[in-house]
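Before any comments, here is the structure.
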Amino acid sequence: MHTNSNLARIWASYPTIWTPQVSGDGKWLVWAWAGITETANIWIVPTDGSASPRMLTDGADHFRVAHINRDGSRLILRQSQGSDEHEQLFILDVSDGATPEPLTPPQTDHYVFGASLHPKENALLFNANCDETGRGTEGSWLHVLDLNTGARRVLSRMTAVNENAPVIGMRGTRVLYHRNDDHPRGRQICAVNWDGSDDRCLYDPGPHLKASGSWIGAEGDLLIVAETATHDRLGLLSRDGVLRWLIDDPARHIEEAFACVDTRKVMVIAYEDGRLSPFILDIATGAETRFGMADHSTLPLDQLENSDWIAQTYMASGPDRLVRTDATGRVLNELAVCDDPNQPRTFATAQSVNWTSSDGEPVQGWLYQPGGTSRGLVVWVHGGPTAMSQDRVHSAIQYLVASGFTVLDPNYRGSTGFGLRFRNLIRADGWGGREQDDIRSGIEMLIAQGLAQPGRIGVAGQSYGGYSAWFAITRQRDLVDAACTICGMSDLFVDYANTAMPHLRDYSVEMLGGTPNEMPKAYAHGTLRDEFPHITGRLMIVHGLRDTNVSPENSRIASGDLMRLGIGHHLLTFADEGHGVTKTSNRAVLFANMGAFFDGAFVKAE
């Protein structure tokens, strides 16, 4: 089966759910829906299923939801120009014909992390690395914007950027937030009064360890997920300072937790063998009740007063859904479905596969096989690396499988969902270490099983996945024949120097042990430019020119190096994209080019 532009359009327009939120009264669900229109727009639906979803915006750039107020009448939205991530905040009155009104001006020098309306005052709280005038700062500041007067005041100042959204308590008197001023590897839980007084740390897990917290009830007790030296644990910090650990087990892979409507219970987001496995924990007894059904993953979003839940269900073999469930996770009503009867799609199934890496470390991933004879193997490497791949629809993977390719989607060391130990393994070597052996070992496993053929091996991915594609075509050139790198870096010195994000420089420090000046050997070890003269395979380079995360300077320099060396490559850039390719028409162009690229590379191998 050959690739074609129609197939690319079908999968580029697959509806993808971003930033779903439920109103405080539980009556409304709002989210950004990408794929249906050229850009992601805001949709709303009543949670009782009494009406169909309704589109509220029609933006030239993507809108995302930052906050929905208690009765669902007002939304705070985020939007950046060309997906450059320098976001502007808007307010939208949810009524027919209303349009978003700007609350902050367009800007190009800072980043916004969370925004919410005060429950009683006409005021907005947001976290941004800028001062009162909007000028960029090295650290996050908590801002309060008076929506009546436009006056702005600062609740707290940090010396480093923190990406966690601050949360206003139910009474409106206290704000919960996080700091990582001491070191990028650490994170503390803090709180400050609404008037700016009593700003203090509530919990510090220790040097180079992270914690996250959420309110239980009205600004009283805190639910804490915190790292130890070996694992993540779940605890309860009472308002009088008494800390009790509820789950403290290295075998449990806890990622998140939040209070149920009955504050004596907690919803715990955990994973087992790469699959979502949420459960409800009784604080007093420790009893656990599984949530969701066996035939799909169910991600709880919020609980309603009658104990029903609003959730998102997913699996690779069918469309994502926003649903209302009962207290156990059994679906009662479908509120929105990510499919279009006028655009028929055949969904490929994800098969969980396991293999052993070069050092004996177990690795899990997802295998997708086409219906007929495979045209070759494409390994799709997720970004992050602090992220994970799951059994759910990934439109690029589905397009490749529909085009006749076998796809392997590995959860290499450094991925989330497999516990803190596995997540931290990537730091042992730094980038370009044994996490790349994990990927290679997966390819070799498929070759040994007859599911992949030498000469028809490709690697693709975005961000860190793009870096892995660069690694594959340079240092694994004996095995890999073609690579498509999307918004990826090949020189870690260039990447550190050119990112516009101070928090991305901090992330490099966290992962590599310091700055390039402090750890030059670690950055040199992960830099791949010296390998360019030895490239023998086919190469496709993709970048959004408004990318402020992995700067397009990475791809410009790499392409220049390759041209000077006389090494052919396909360069595809998008003037209106940032870190990734997200507009529907652009994704169709990317998919069609990527499919044709791998098809041509593997035909050449014959």
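The values are calculated or read from the model by the stated rules, or taken from the named source; none is laboratory data. Small disclaimer: the values here were computed from a predicted structure and weren't measured. Cβ coordinates were reconstructed from backbone atoms using ideal geometry, including for glycine residues, and neighbour counts include every protein chain displayed. We work out accessible area using only protein heavy atoms, side chains counted, and drop any ligands, DNA or RNA first. Shrake-Rupley method; radii C 1.70, N 1.55, O 1.52, S 1.80 Å.
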Exercise. Report the one residue of Ile42, Gly376, Leu504 whose Cα lies farthest in the direction of the positive end of the charge dipole of the chain (charges on C-beta: Lys and Arg +1, Asp and Glu -1; origin at the Cα centre).
Key: Gly376
Quiz item: Between region 387-450 and region 268-339, how many Å separate their Cα centres?
Solution: 25
Quiz item: Of Lys210/Lys265; Lys27/Lys120; Lys27/Lys265; Lys120/Lys583, which sit over 30 Å apart, Cα to Cα?
Solution: Lys120/Lys583
Quiz item: At q = 0.17, 0.24, 0.30 Å⁻¹, what is the log10 ratio I(q)/I(0) for region 384-447, with the Debye formula run over Cα points and no solvent?
Solution: -0.67, -1.06, -1.22
Quiz item: Taking N as the number of residues in region 528-572, what value does Rg over Cα atoms divided by 2.2 N^0.38 Å take?
Solution: 1.15
Quiz item: How much accessible surface area, in Å² rounded to 10, belongs to the heavy atoms of Lys120 with a 1.4 Å probe?
Solution: 150
Quiz prompt | Karplus-derived HN-Hα couplings along region 166-174 (A = 6.51, B = -1.76, C = 1.60, θ = phi - 60°), whole Hz, x at Gly and Pro | solution = x, 10, 7, x, 4, 7, x, 9, 9
Quiz item: Roughly how many debye, to the nearest 20, is the charge dipole of the chain about its Cα centre, given +1 on each Lys and Arg Cβ, -1 on each Asp and Glu Cβ, and no other charges?
Solution: 620
Quiz prompt | Computed Rg/Rh of region 184-315, alpha carbon atoms with Kirkwood Rh | solution = 0.98
Exercise. State to the nearest 20 debye the size of the charge dipole of region 350-602 about its Cα centre, where the only charges are +1 on K and R beta carbons and -1 on D and E beta carbons.
Key: 300
Exercise. Have a look at Phe258, Thr328, Gly139 and report the one farthest towards the positive end of the charge dipole of the chain, computed about the Cα centre with Cβ charges (Lys/Arg +1, Asp/Glu -1).
Key: Thr328
Quiz item: Is region 467-561 rounded, prolate or oblate when judged by the Cα gyration tensor, a ≥ b ≥ c being the square roots of its eigenvalues, rounded requiring a/c under 1.5 and prolate requiring a/b larger than b/c?
Solution: oblate
Quiz item: Mean projection of the alpha-carbon convex hull of region 350-602 over all orientations, in nm²?
Solution: 12.5
Quiz item: Beyond 21 Å, what percent of the Cα pairs of region 124-188 remain?
Solution: 23
Quiz item: Using the heavy atoms of the protein chains alone and a 1.4 angstrom probe, what is the accessible area of the chain per residue in square angstrom?
Solution: 38
Exercise. First compute the accessible area of region 350-602 with a 1.4 Å probe, then give the percent of it belonging to carbon and sulfur atoms.
Key: 49
Quiz item: Given H placed on each backbone N at 1.01 Å, which residues far from Asn333 in sequence or on other chains put an amide H within less than 5 Å of it?
Solution: Arg324
Quiz prompt | 3J(HN,Hα) from dihedral phi, region 306-314, Karplus parametrisation 6.51/-1.76/1.60, rounded to Hz, x for glycine, proline | solution = 8, 6, 5, 10, 9, 9, 10, 9, 7
Quiz item: Which cross-chain or sequence-distant (5 or more) residues have an amide H under 5 Å from the amide H of Asp221, H modelled 1.01 Å from N in plane?
Solution: Ile216, Arg239
Practice problem: Please report, largest first and rounded to whole Å, the three semi-axes of the ellipsoid equivalent to the chain, where each semi-axis is the square root of five times an eigenvalue of the C-alpha gyration tensor. | Solution: 38, 27, 26
Quiz item: Is any helix in the chain, taking whole DSSP H runs, at least 24 angstrom long along its axis by alpha carbon and on average at least -1.0 on the Kyte-Doolittle scale, and which ones?
Solution: 584-605
Quiz item: At a 1.4 Å probe radius, carbon and sulfur cover how many percent of the accessible area of region 199-263?
Solution: 50
Practice problem: Could you pull out every residue, at least 5 positions away or on a different chain, whose amide H is within less than 5 Å of the one on Ala123? Hs are placed 1.01 Å off N in the peptide plane, and Pro or chain starts have none. | Solution: His118, Leu147
Quiz item: Which value, to two decimals, describes the C-alpha radius of gyration of region 413-508 once divided by 2.2 N^0.38 Å?
Solution: 1.17
